[in-house]
1. In the calculated pair distance distribution of the stretch 356-399, what percentage of Cα-Cα distances lie above 14 Å?
2. With every protein chain left in place, what is the accessible area of Val218 in Å² (1.4 Å probe, nearest 10)?
3. Largest first and to the nearest Å, give the Cα extent of the chain along each principal axis.
4. I want to check the label-to-label distance for Lys56 and Lys372. Put each point 7 Å from Cα in the C-beta direction and report it in nm to one decimal.
5. Once amide H atoms are built 1.01 Å from N in the peptide plane, which residues 5 or more positions from Asn401, or in another chain, come under 5 Å H to H?
6. With the calculation restricted to Cα positions, what are the radius of gyration and Dmax of the stretch 20-100 in angstrom?
7. Check Leu315: other-chain or 5+ apart residues with amide H under 5 Å from its amide H, H built from backbone geometry?
8. Counting only residues 5 or more places away or on other chains, whose amide H sits under 5 Å from the amide H of Lys156 once H atoms are built in the peptide plane?
Amino acid sequence: MERVSLRTRLQKGIYIVIDPFVRLLIKMGLTPNIVTTIGFLLNVGVTIIFIEGAEKGNRGNLVYVGWAGALILFAGLFDMLDGQVARLGNMSSTFGALYDSVLDRYSELVMFFGICYYLVGHHYFLSSIFAFIALIGSMMVSYTRARAEGLGIQCKDGLMQRPERVITIGVAAIACGITGHYLGGDHKWYIPGVSFHVLETMSIFTIPIAIMAVLNNVTAIKRLLGAKKTLDTRDNQTSSSSGKLIVVMGMLVLSGVAITYKGAAQQKKATSPVVTTPVPVDPQDTFPVPVGNPNQLFYLQRTSNTNTIVCELNLDSKGKPDEESPVHVFWIRYNEGGMRKELNYVQRVFAYGIKSQPEGNGAYRLHFVSYKKNTFLLMLSPKDNKYHVYANINQRQALLNRVFIKIDGGSFWSPNVIYMEMKGIDVATGKEVVERIKP
């Protein structure tokens, strides 16, 4: 049984709580991009509160810090809402994913600007330096992941991801504001025998920021080292594959010479009947089957893991296939608790993305960006008045259900594909048909 991380379980628990609110937002007509924009504007409000506290408040008045912390957590909620609105409302888009990522970075930059402004304004100079270092680490955590995924590497490990950063700053700011209200904003803690105070009320906010300054950069460095390990392995595999290719080509040449020689020597001999040995059929796999999506057209799985590529019908506002992108492709990450996630740039452009070409009468010719030789047809079925993807399987027109790829080694860019299996339902007979081909 696959292990699900504590973070993933907590995230799924939060989704259960917020999903009713998400459905309300969808009914109100809010799109994921609107929700993302609201979250950004709330973070601008956080900065305004910090600036007001620096300009109009005094060093001992920490009420601005407390209210800013509350708004930070509220704005952070919208970071989760936009993704859920996209998933539950079937409104996922490539630009939406980019827009969300860009505004998340702007939100964090704006928030840290407000924090630094407040700390400098009230002469917390050392703490403002830690806040700036925390900002650098936050940006590098996000950038390292984005750059690694651009190279085809999953890079999500590390402690201080964006949700953790938002919760840490928000909770610390609220705790600071509440403590300041009851004990006073200038309350100080002393150690017997030490002439100066070691802590003050503001430390409740600044110490977590100092810890973040360290952990953020540790997380970024850890991601960098993890990506280095994966890239080094890939480079070594590529070099090894090139060397093996040269050896194999040489063996083929020598084998060709030997076969030619033997053929000439045996021309006069009678030939015996050729006995063929049946090719053993691989055992039926036990991968999960994605269900519950009424727009699902077909899905793709590989032997490397159970994570599944789903191709679903992408409808426009009129209920017709979107002319620019009639098929939406996404992951079901069974290794991460069955969560639905979008393809990254490399996967979409070089591997699992779908290219479409209009064929007229609402039909589209489809093919995977990584394999143009095998094409499918998306069209409306006259039998059930629904859209299906049709493929030529064993020279029969069939409704495509699944594509299965068996891989034995290789690398991300050059996998060793043993076969590609297409499975579907024969349109004429209603029986299941299966075909395996070597790409």
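The values are calculated or read from the model by the stated rules, or taken from the named source; none is laboratory data. Since the structure is predicted, the reported quantities are computational estimates derived from the model, not experimental observations. Here the Cβ positions follow ideal geometry from the backbone for every residue, glycine too, while neighbour counts run over all protein chains shown. Surface accessibility is based on the protein's heavy atoms, side chains included, excluding ligands, DNA and RNA. Shrake-Rupley method; radii C 1.70, N 1.55, O 1.52, S 1.80 Å.
1. Of the Cα pairs, 51 percent sit more than 14 Å apart.
2. Val218 has an accessible surface of roughly 80 Å² with all protein chains in place.
3. 109, 54, 36
4. Calculated label separation equals 6.2 nm.
5. Lys423, Gly424, Ile425
6. Here Rg and the maximum Cα pair distance are 15.6, 49 Å.
7. Distant-sequence amide H within range of Leu315: Asp322.
8. none
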